[in-house]
Structures are given as C-alpha cells and as structure tokens.
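S.K.: Have a look at this one.
The values are calculated or read from the model by the stated rules, or taken from the named source; none is laboratory data. All values reported here derive from a predicted model rather than from experimental measurement. Glycine gets a Cβ as well: all are built from the backbone with ideal geometry, and neighbour counts include every protein chain shown. Each accessible area value is taken on the protein alone, full model and side chains, heavy atoms only, with ligands, DNA and RNA left out. Shrake-Rupley method; radii C 1.70, N 1.55, O 1.52, S 1.80 Å.
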Amino acid sequence: SSGINAEYGAIYKPPTPEMIAYLDFSVNSNGLLTGVKMSHAACNGYCRALKSACELYPSRHLALALDPFSGMGFVLWCLAGVYAGHHSILVPPAELQASPSLWLQAVS
C-alpha cells in the first residue's frame, strides 16, 4: 500500500488555480458547439458567487431539473453542492417533462 502511494505521489501534482478543472460546451455566435475551459479559479469563484447569491448552506435543500452533464447542471448539482454543503435533489429533465407533477413532489 505505501509503495502505491509513493508511486502515485511522484506523478500527482496538486491543481493550481490556472489549471483546467473541466470543459464546458457552449454554442458560439456562429451556432457551432465550442469547448470552454473552466479553470479551478473560475470554478471556485463561480461556486462562491452561487453560494452567496442563493444563500446555499448545509441546511438548504436544492431541487434541480437540469442535465448534470451540462455546464449549469454540473456546477449546480455537483460542484456547488460540494462547495456549499447543501443537499441537492436531482429531478431528471426527461422525467419532469413526462410528469410535471413530479416537480411538486420533489419540492414539497
């Protein structure tokens, strides 16, 4: 076990604020899908702003109907939840379209 940690310790480098945390995708002004590089500093700032603006605290519960594999869904569902410590309830968008009353069940 300690041999494995030593081996990976030599490879692993902690992230710096400038390093890419993830790639988001957006449609540009020409209508083409383009990649947007999200740095660790940008993710941290984004989560901090969401936490402050939306008053996200560990005692809060947040219901989302966003795709967790797209930009805002990923940030709100995963990153902001870890950053702020609130409880996220993910309602798959396809299920919400099929049964709109599901939203009322999730938020009550």
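S.K.: Given a 1.4 Å probe and every protein chain left where it sits, what share in percent of the accessible area of the range 60-108 is carbon and sulfur?
M.R.: So the carbon and sulfur contribution to the accessible surface is 66 percent.
S.K.: What angle, in degrees between 0 and 90 and rounded to the nearest 10, separates the Cα long axis of helix 40-54 from the longest principal axis of the Cα atoms of the chain?
M.R.: Helix 40-54 and the main axis of the chain meet at about 30 degrees.
S.K.: Chymotrypsin sites (Phe, Trp or Tyr not before Pro) within the range 23-69: which are DSSP loop residues with at most 12 other Cβ atoms inside 10 Å?
M.R.: Passing both the DSSP loop test and the Cβ count: 69.
S.K.: Can you quote the Å³ per residue value for the convex hull of the Cα atoms in the range 39-90, rounded to an integer?
M.R.: 63
S.K.: Which value, in Å² rounded to 10, gives the accessible area of residue 29 with a 1.4 Å probe and all protein chains present?
M.R.: Rounded to the nearest 10, that gives 120 Å².
S.K.: Still on this structure: Over 5 Å intervals from 0, what percent of Cα-Cα pairs in the chain sits in each interval?
M.R.: Bin by bin from 0 Å, the calculated values are 2, 11, 15, 16, 16, 14, 12, 7, 4, 2, 1.
S.K.: Please work out the average accessible area per residue across the chain, using the 1.4 Å probe convention, and give it in Å².
M.R.: Using a 1.4 Å probe on heavy atoms only, each residue of the chain averages 70 Å².
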